[in-house]
Amino acid sequence: MAFVLVATTLVIYGWTVYSQQLWSQSYRKLQTLQRDERQLTTTIEVLKNKMAQEAQKPAAGLVSPSPASAIFLPPAPEDSDSLPSTTTSESNFQPQQQDSAPIGY
């Protein structure tokens, strides 16, 4: 009985020490990842700021967007050869009247 009690105590003690070591390793890894995340966020923001400053220079050749400089493409021609054949259930489909204002914008 004493042997079983000592063995159980040692197993519980060993499990406790091992779980604390695993927790400590995981916590150190978490801290390292959090530090790396902060450094990466800082680096990204520095790069964004540098790009914004470079874009403001006249030598960059960038211009602000305006409706006059918008590019409009003509709609693609509708070829009956390029359209897939429709089945009878698709040909009976009647599109519903759309509202003047789109929903979800």
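Quick note: the coordinates plus some simple rules give every number you see, no bench work behind them. Since we're looking at a predicted model, the values are computed, not measured. No Cβ is skipped: glycine too gets one built from the backbone with ideal geometry, and neighbour counts run over all protein chains shown.
From L30, L62, grab the single residue that is in a loop (DSSP other than H, G, I, E, B), surrounded by 10 or more Cβ atoms within 10 Å (Cβ to Cβ) and not aromatic (F, W, Y).
L62
Taking A55, is it part of a helix (DSSP H, G or I), aliphatic (A, V, I, L, M), free of Cβ contacts under 8 Å to residues at least 12 places away in the same chain and loosely packed, with under 10 Cβ neighbours inside 10 Å?
No.
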